[in-house]
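Encoded as structure tokens, the structure appears first; notes follow it.
The numbers here are math on the coordinates, done by the rules we state, and not lab data. Fair warning: this is a prediction, and the values are worked out from it, not measured in the lab. Cβ placement follows ideal geometry from the backbone for every residue including glycine, while neighbour counts extend to all protein chains displayed.
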Ligand code: 8X3
């Protein structure tokens, strides 16, 4: 495994769920972190915790990734010591609702497309420029099994994740012949705030997603992210697709526990 000590790792959606777990696991490796999320207090709390526990340097950016002009300025606006991003983890993303396509909320469509697709493409563009100039780097995009397991009520969310996987594959083509690695991580049912957000605070609906199974955890997925990042330089993990053990697809889940 390659060392990540003193590398600079930018993580979006770092205040909770998979992003936060990835920040914690990367901090253990001695990497320095740029933590991006909307919730300033949570970021501040995470920054203090990780700096104290691991003696690393962190920089926080409070930003709503739907704000595309600000996303474009994110990397150029970083302090000098954090400019040279070695690993970009495009983790921020969400699902809103599970209505059939004919009933999709128009505002929800925009939030999902802007956060899951547009901001990821813009941030990748900005990070890739510097990585190409330095001829090193790794771009890790959090996709989902929903990229290929499409289900009723998932028209926009599954569409955005199909975008993430296709974008990631195209990017790998664009960067072939450089030392930059490109990876997708495609989890199944992970218990985070994901379903609370999707069902807009309906706790019963959120809990039902993970009932009767032992879901994946944010730490399980962070472990996959760190795995991809720590492979020897000649190894490029293309995609890690994982399900919970009692899950065979987005919709085939044996709720027997
Ligand atoms: C989350 C997995 O199956 O709820 O990305 O779409 S699923």
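Arrange the peptides 107-116, 28-37 so that the one whose residues have, on average, the most other Cβ atoms within 10 Å appears first.
Taking the mean over residues of other Cβ atoms within 10 Å, the ranking is 28-37, 107-116.
Treating the angle as unsigned and between 0 and 90°, give the value, to the nearest 10°, between the Cα long axis of helix 155-174 and the longest Cα principal axis of the chain.
Relative to the chain, helix 155-174 is tipped by roughly 30 degrees.
Just want to confirm a number: the relative contact order over the chain, from Cα pairs under 8 angstrom separated by 6+ residues, in percent.
20 percent
Could you rank the peptides 204-214, 175-185 by their average count of other C-beta atoms within 10 Å per residue, with the highest value first?
175-185, 204-214
Could you give the distance between the Cα centres of segment 1-35 and segment 203-257, to the whole Å?
First find each Cα centre; the distance between them is then 19 Å.
For the Cα atoms of the chain, what angle does the longest principal axis make with the long axis of helix 17-28, in degrees from 0 to 90, nearest 10?
Taking Cα atoms only, the helix is inclined about 30 degrees.
So for segment 1-117, averaging the separation of alpha carbon pairs under 8 Å that are six or more residues apart and normalising by length, what relative contact order in percent results?
28 percent
Tilt of helix 119-134 relative to the longest C-alpha principal axis of the chain, in degrees (0 to 90, nearest 10)?
With rounding to tens, the tilt is 30 degrees.
Using the 10 angstrom Cβ neighbour count as an exposure proxy, how do 3, 143 rank, fewest first?
Lowest count first: 3, 143.
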